[in-house]
1. Mean-square fluctuation check for the chain, GNM, Cα pairs under 10 Å: which of Y175, Y144, Y63 is largest?
2. So what are the three principal axis dimensions of the stretch 1-130 from its Cα atoms, in whole Å, longest to shortest?
3. Between E285 and N107, take the C-beta separation as r, use R0 = 30 Å, and let me know the FRET efficiency to the nearest 0.05.
4. Around Q275, what is the net charge, scoring Lys/Arg as +1 and Asp/Glu as -1 over all other residues with Cβ under 9 Å from its Cβ?
5. Work the Kirkwood hydrodynamic radius out for the chain: mean of 1/r over every pair of different alpha-carbon atoms, inverted, in Å.
6. Enumerate the lysines that K167 could reach by cross-link, defined here as Cα to Cα under 29 Å, with residues fewer than 8 away along the same chain left out.
7. Hey, can you grab everything whose amide H is under 5 Å from the amide H of L31? Only 5+ residues off in sequence or another chain; H modelled, so Pro and N-termini drop out.
8. Rounded to the nearest 20 Debye, what is the dipole magnitude of the chain about its Cα centre when Lys and Arg each give +1 and Asp and Glu each give -1 at the C-beta?
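Derivation of every value follows stated rules applied to the coordinates shown; laboratory data play no part. As the structure is a computational prediction, the values presented were derived from the model and not from experiment. All Cβ positions, even for glycine, are placed from backbone atoms using ideal geometry, and neighbour counts span all protein chains on display.
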Amino acid sequence: MKRVLVTGGAGFIGSHLCERLLNEGNEVICLDNLFSSSKDKIIPFMQNPRFEFVRQDVTFPYYAEVDEIYNLACPASPVHYQVNPIKTIKTSVMGAINMLGLAKRVNAKVLQASTSEVYGDPEVHPQTEEYWGHVNPIGIRSCYDEGKRCAESLFVNYNLQNKVKIKIIRIFNTYGPRMELNDGRVVSNFIIQALKGEDITIYGDGKQSRSFQYVDDLVGGMIRMMETPNDFTGPVNIGNPIEFTMLELAEQVLELTGSKSKIVYLPLPQDNPTQRQPNIDLAREKLNNWEPKVHLKEGLQKTIAYFEQALKKQ
Ligand code: UDP
């Protein structure tokens, strides 16, 4: 049994990770300030004596004797991380410093949830880990992109300078049950709009692409990354390489929900990446043949079922 700290543990991905770690017999400390998440997602774990919730902001130091740290804390949806951009930068940068400091003190392994956003609006397609990216440092996405890029630099340098055992994963678009109703990202928006019979809002012409990963596949990849030998630090892409346009996604959601919603076109936000697809050769090689298993259709069906229930409870 390991004692594992998950920052952002009450979030969409964090709650799935906490659940998997508990199911595998570990003790889990979930640290979250509930800025873009809610207690609902972790209430089912509260009865478990191996689970502990700490309501705290990751920008403040935290101390606990732990074996492993998964640093997930940061709003990840553009609408949430752009509400308070300074706070977003602080969360990524100070959160990384605090968790790296903790890992150093207690000799824990620490995994950083980095992002495909470090590639910005990529000119190399699909994206390999060697690509340095194409990020606008002063655009509306920079608080997230540059915050996460700085966190990667902090991780690499704590490893080089202080021998902290680090792991960096770059997470590509992920969806699934337990996304917030107000998440604002494309999969949850389209499903909720379709279920409510509201217009499906495509930003731009809908020809921009993303590659959508079901949350269970991601959680499996994260845990495998944590288990790799200490000399493998990453970064490694974790995502589903099957690429779709937003128009294709909207059509799939309409078909699976049987909704009569109309598609409407709204302006494309600034610096919106036109394409995104992970090259996952490195993950396949280093993570014990890990690869995503859940096809978009199956993942969407599960997510639609979740949102049907969530909307009824509203
Ligand atoms: N998008 C859209 N309609 C929405 C929400 C998002 O067309 O209601 C588009 C968005 O402009 C982007 C893509 O879907 O091109 C993915 O957006 P999301 O916010 O999910 O994540 P991103 O990959 O941009 O961080």
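1. The residue with the greatest mean-square fluctuation here is Y63.
2. Cα spread of the stretch 1-130 along its principal axes, largest to smallest: 48, 31, 29 Å.
3. Working from the Cβ atoms, E equals 0.60.
4. My count for the surroundings of Q275 gives 0.
5. Radius from the Kirkwood sum: 19.7 Å.
6. K2, K39, K41, K87, K90, K104, K109, K148, K286, K293
7. V6, T7, G8, G9, V54
8. 720
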